[in-house]
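Beneath this line is the structure, given in structure tokens, with notes to follow.
The values are calculated or read from the model by the stated rules, or taken from the named source; none is laboratory data. Quick caveat, the model's predicted, so the values are computed rather than measured. Positions of Cβ are backbone-derived with ideal geometry, glycine not excepted, and every protein chain shown enters the neighbour counts. Note: accessible area is taken over every heavy atom of the protein model, side chains too, but ligands, DNA and RNA are not part of it. Shrake-Rupley method; radii C 1.70, N 1.55, O 1.52, S 1.80 Å.
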Amino acid sequence: QVQLVESGGGLVQAGDSLRLSCAASGRTFSRYYLGWFRQAPGKEREFVAFIGRSGGSTYYADSVKGRFTISRDNAKNTVYLQMNSLKPEDTGVYSCAATPTIVSFNTAAAYEYWGQGTQVTVSS
């Protein structure tokens, strides 16, 4: 089992950058596949980014490709989401998620463990 705690959200202007962090408890962090998802008000949760256990595999939603970068530090039990060139449509609650086995990296239901989320608001 793993517990996840996100941080780093905030209110920024369009074009700014933010880095989100997700710290995990436990000694088996490196065994988990990790994802970032976001949910805007009135919308369904959507996939943002995925990273494999060693960090060698990453995938992104088309809407963030080229602007966001996911990374992980297994020694620090932390996964990051660097967000550049933020747009108002990036506004939402960002949550990290973990799963020991991966069936579908861009499907929320495939992840077993979730953080509480951190709010990102991008003003125009």
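Descriptive notes on the structure:
- Only the Cβ atoms of Lys and Arg (+1) and of Asp and Glu (-1) were treated as charged; on that basis the dipole of the range 65-121 about its Cα centre amounts to roughly 160 debye.
- Dipole of the range 64-114, positive direction: furthest Cα of 103, 68, 113, with charges on the beta-carbon: 68
- In the range 9-124, the inverse of the mean reciprocal separation of distinct Cα atoms equals 14.1 Å; this is its Kirkwood hydrodynamic radius.
- Once the 1.4 Å probe is applied to the protein heavy atoms, the range 1-119 comes out at 52 Å² accessible per residue.
- Residues of the range 71-94 with amide N under 14 Å of a point placed 7 Å along Cα→Cβ from residue 108: 92-94
- Protein accessible area in the range 1-43, 1.4 Å probe - carbon and sulfur %: 44
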